[in-house]
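Chemist: Structure incoming, see below.
Values in this text are rule-based calculations from the coordinates and carry no lab data. Values in this document were obtained by computation on a predicted structure and should not be read as measured data. Don't worry about glycine lacking a Cβ; one is built from the backbone with ideal geometry, like all the others, and counts go over all protein chains shown.
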Amino acid sequence: MKIVIINGPNLNLLGKREPSVYGNETFETFFSDLKTEFPDIEFTYYQSNHEGSIIDKIHETGFDFDGIILNAGAYTHTSIAIADAISAINTPVIEVHISNVFKREPFRHHSYLSAVAKGTICGFGLKSYKLAVFSLISDK
Ligand code: DQA
């Protein structure tokens, strides 16, 4: 089973970025633990601060991967182009957020991606990604 995790802008700073919102753990540490926990899954990790690069990665993985776990960061709230990329592919996309966006500023309450994603998981810290993995496994 092949799963790609795609992280969008500013998520390269996890561990340093607003730890009261996003926690103290780096994504690299979390990702290494995730791979250990699910040794049978072939994980790929990609992070970019650029909208077009995220779209390129969705196209690249959107036809032969079993799942895309996407945290598009702030592009969630702005990007019709990422929503269109999700609509264009076959691989199921799970939208994830570390924070509970509904407890935060009103501009974070709307997602262009939720309507085209298979489902959305938010508010469980980095565990949101693990819950997305469980959901993809259970559909296999
Ligand atoms: C985020 C929530 C977004 O509103 C924010 O812009 C992010 C991270 C989250 O994981 O909680 O960059 O997607």
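Chemist: Within the range 5-43, count every residue that is closer than 24 Å to residue 63 by Cβ and either touching a Lys or Arg at 6+ places or on another chain (Cβ under 7 Å) or aromatic (Phe, Trp, Tyr) (or both).
Modeler: The number of residues fulfilling the criteria is 6.
Chemist: Would you tally the residues in the range 66-82 being in contact with a Phe, Trp or Tyr (Cβ under 7 Å, 6 or more places away or on another chain), hydrophobic (A, V, I, L, M, F, W, C) and not in a helix (DSSP H, G or I)?
Modeler: Going through the range 66-82 one residue at a time, the tally reaches 1.
Chemist: Does at least one position in the range 83-91 carry a residue that is under 24 Å from residue 139 (Cβ atoms) and touching a Ser or Thr at 6+ places or on another chain (Cβ under 7 Å)?
Modeler: yes
Chemist: Looking at the range 48-65, can you tell me whether even one residue there is surrounded by fewer than 16 Cβ atoms within 10 Å (Cβ to Cβ), within 13 Å of the ligand (Cβ to nearest atom) and not in a helix (DSSP H, G or I)?
Modeler: Yes, the range 48-65 has at least one match.
Chemist: From the list 128, 87, exactly one residue is more than 14 Å from the ligand (Cβ to nearest atom), polar (S, T, N, Q) and in a helix (DSSP H, G or I). Which is it?
Modeler: Only one candidate passes the filter, namely 87.
Chemist: Of the residues in the range 100-115, how many are within 16 Å of the ligand (Cβ to nearest atom), surrounded by fewer than 18 Cβ atoms within 10 Å (Cβ to Cβ), not basic (Lys, Arg) and not in a helix (DSSP H, G or I)?
Modeler: 5
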